[in-house]
Amino acid sequence: GSPEIDTKKGFGGVMQTFDNTRPVVAAMAVGVGRAALEEMRRLIEEAGHEIDYDKPAAAQHAAVAEFIRLESDWEAGWLLTLRAAWMMDNREPNSVEASMSKAKAGRTVTDITNKAVEVGATVGFAETSLLEKWARDAKILDIFEGTQQIQQLIIARRILGKSSSDLR
Ligand SMILES: Cc1cc2nc3c(=O)[nH]c(=O)nc-3n(C[C@H](O)[C@H](O)[C@H](O)COP(=O)(O)OP(=O)(O)OC[C@H]3O[C@@H](n4cnc5c(N)ncnc54)[C@H](O)[C@@H]3O)c2cc1C
């Protein structure tokens, strides 16, 4: 921005910065989530269970059903992140899309990494695997650059046409 400091524009400037940084945090969540899913897949297959995308999840092993649920959530987070980042690159206003990507990817990465620890059992919480580290790393992605609840507030205001004093 301008080298002149205008304190009246401070809050708006910070909010605009978030339009660029929230998709980046969402991308970090997408990356950690994908890594945990791949490790979870490896453990499931090593245990002799096939992940079959042509069969209903409920008709497969419980760990496989969880994997399919988490992977579909991950894909939604990934697509929302790509959209928010694409809009950013193309200089389109993306505040609500940036919040959507951050909200979905932040929630999903905590869900995936915690479930991967659970499914991995002794491997999941052993320090010989990265699963327990990724589970510890994940939560901050749901907190900084605006928490899950704040993203939902921003999205709800925009969708319902409410101001920040109407919906706080
Ligand atoms: C490890 C770590 C690293 C960080 N790094 C940075 C950094 O590098 N730079 C930086 O600027 N900041 C950083 N932060 C700060 C981070 O962005 C804030 O902690 C985060 O945005 C939450 O704000 P807060 O701590 O003020 O919580 P609060 O606003 O006090 O919120 C506390 C809880 O209440 C909920 N809440 C608050 N308001 C509402 C509402 N209206 N409706 C519903 N729920 C609500 C929140 O979601 C949260 O769960 C970091 C934080 C941590 C923990």
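Read the figures in this text as sums done on the coordinates, not as results from a lab. No experiment lies behind these values; they were computed from the predicted model shown. With ideal geometry, Cβ positions are generated from the backbone for all residues, glycine too; neighbour counts draw on all protein chains shown.
Counting neighbouring Cβ atoms within 10 Å and putting the fewest first, the residues Phe18, Phe67 line up as Phe18, Phe67. Counting only DSSP H runs of at least 4 residues, each contributing -39500 (n - 2.57), and dividing by the residue count of the chain, the helix-based mean residue ellipticity at 222 nm comes to -25000 deg cm²/dmol.
In this rough spin-label picture, where each label sits 7 Å from Cα along the Cβ direction, the Tyr53-Glu127 distance is 3.8 nm.
Compare Arg34, Arg83, Arg42 in a GNM of the chain, Cα atoms joined below 10 Å, and give the one with the largest fluctuation. Highest fluctuation of the listed residues: Arg42.
Under the definition of Cα pairs under 8 Å and six or more residues apart, what whole-number percent is the relative contact order of the chain?
Relative CO of the chain lands at 27 percent.
Working from label points 7 Å from Cα in the Cα-to-Cβ sense, the Ser72 to Ala156 distance is 2.6 nm. Considering only the Cα atoms of the range 100-142, their convex hull presents on average a projected area of 2.5 nm².
Counting pairwise Cα distances across the range 1-66, what percent come out greater than 19 angstrom?
So the portion of pairs separated by more than 19 Å is 59 percent.
Maximal additional length on extending the Met15-Arg42 stretch stands at 5.7 nm, based on 0.36 nm per residue less the C-alpha distance.
Counting neighbouring Cβ atoms within 10 Å and putting the fewest first, the residues Asp52, Asp166, Asp142 line up as Asp166, Asp52, Asp142.
Expressed as a fraction of 2.2 N^0.38 Å, the value expected for a compact globular protein of N residues, the C-alpha radius of gyration of the range 12-160 is 1.12.
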